[in-house]
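A.B. asks: One structure is given below, represented as structure tokens, and several questions about it will come after.
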Amino acid sequence: MKLNRQKLIDFEKEWLSEHPNKNENPQEYESLLNGLVDIISKHEYEEDNRFVTYGRRDFLREEFTKYLNEETFSGRGKFNDAFVDLADYYSGDTWISSTSVPKELDLDKIRKEDSEYREEGIICKQEIEIILEMIEEYRAKLNSLKDDNSTSIKGRR
């Protein structure tokens, strides 16, 4: 069975409503990541050449890593900021700019195919691999907190 991205979105909404103090204890995110991986592991994935990482997807992936490495903050806390980018990635909240696509490619065709891919709502193999990489990167940062014996990190103001 293929994974419809709405399953991840619904799980996230439920989890967020049950964890209002997640910014005070970033370790709580581990249960969210575990839940996402559990859902992901119960599905099959196929490659889909309509999926591309141009535009917002590349931006989200890059910004996600910057947040986890404390290179930038919104004030909500690095773990929350990184999670927002992860959630935007799997929710399909994307756009493709003309400057993000190599000039030799057909921008209109890429946008059309990407739109079809998003509207279908099924997550392909290429996308799930990126999402899993992001989850593992997130876990590594959470594990570094355990190594530092730190259980509470708040965002800078």
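A.B. asks: Restricting attention to segment 18-38, which residues are surrounded by 14 or more Cβ atoms within 10 Å (Cβ to Cβ) and under 18 Å from the mean Cα position of the chain (by Cα)?
C.D. replies: Lys22, Asn23, Pro26, Gln27, Glu28, Tyr29, Glu30, Leu32, Leu33, Gly35, Leu36, Val37, listed by residue number.
A.B. asks: Moving on. Report the residue count in segment 82-98 for those that are assigned to a loop (DSSP other than H, G, I, E, B) and of a type in the set (A, V, I, L, M).
C.D. replies: Total meeting the criteria: 1.
A.B. asks: Within segment 81-118, work out how many residues are more than 15 Å from the chain's Cα centre (by Cα), among the acidic types (Asp, Glu) and modelled with pLDDT under 95.
C.D. replies: Of the residues in that region, 0 qualify.
A.B. asks: Quick check on this structure: which one of Tyr54, Tyr45 is at negative phi, surrounded by 15 or more Cβ atoms within 10 Å (Cβ to Cβ) and touching a strand residue (DSSP E or B) at 6+ places or on another chain (Cβ under 8 Å)?
C.D. replies: After ruling out the rest, the residue left standing is Tyr45.
A.B. asks: While we're on this one: Could you list, ordered by first residue, the pairs with Cβ atoms under 9 Å in which the first is in segment 1-22 and of a type in the set (Ser, Thr, Tyr) and the second is at pLDDT below 95 and surrounded by fewer than 13 Cβ atoms within 10 Å (Cβ to Cβ), at least 6 apart or interchain?
C.D. replies: From segment 1-22, no pairs qualify.
Okay, residues lined up against (1) closer than 13 Å to Arg139 by Cβ; (2) out of contact with any helix residue (DSSP H, G or I) (no Cβ under 7 Å at 6 or more places or on another chain); (3) assigned to a helix (DSSP H, G or I):
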{"site": "Gln6", "(1), (2), (3)": "no, yes, yes"}
{"site": "Ile9", "(1), (2), (3)": "no, no, yes"}
{"site": "Pro20", "(1), (2), (3)": "no, yes, no"}
{"site": "Glu30", "(1), (2), (3)": "yes, no, yes"}
{"site": "Asn34", "(1), (2), (3)": "yes, yes, yes"}
{"site": "Ile40", "(1), (2), (3)": "no, no, yes"}
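A.B. asks: Confirm whether Ser91 is touching a residue at least 12 places away in the same chain (Cβ under 8 Å) and surrounded by fewer than 17 Cβ atoms within 10 Å (Cβ to Cβ). Before the answer, list the steps.
C.D. replies: On the way: touching a residue at least 12 places away in the same chain (Cβ under 8 Å): yes; surrounded by fewer than 17 Cβ atoms within 10 Å (Cβ to Cβ): yes.
It is true that Ser91 is touching a residue at least 12 places away in the same chain (Cβ under 8 Å) and surrounded by fewer than 17 Cβ atoms within 10 Å (Cβ to Cβ).
A.B. asks: Does segment 99-113 contain at least one residue that is surrounded by fewer than 15 Cβ atoms within 10 Å (Cβ to Cβ), touching a helix residue (DSSP H, G or I) at 6+ places or on another chain (Cβ under 8 Å) and either basic (Lys, Arg) or in a loop (DSSP other than H, G, I, E, B) (or both)?
C.D. replies: No, segment 99-113 contains no residue that is surrounded by fewer than 15 Cβ atoms within 10 Å (Cβ to Cβ), touching a helix residue (DSSP H, G or I) at 6+ places or on another chain (Cβ under 8 Å) and either basic (Lys, Arg) or in a loop (DSSP other than H, G, I, E, B) (or both).
A.B. asks: Among the residues of segment 114-124, what is the count of those that are within 14 Å of Thr94 (Cα to Cα), in contact (Cβ under 8 Å) with a residue 60 or more places away in the chain and outside any loop (DSSP other than H, G, I, E, B)?
C.D. replies: The number of residues fulfilling the criteria is 3.
The values are calculated or read from the model by the stated rules, or taken from the named source; none is laboratory data. Every value quoted in this text rests on a predicted model; they were computed, and no experiment measured them. Here Cβ is always computed from backbone atoms with ideal geometry, including for glycine, and neighbour counts include all displayed protein chains.
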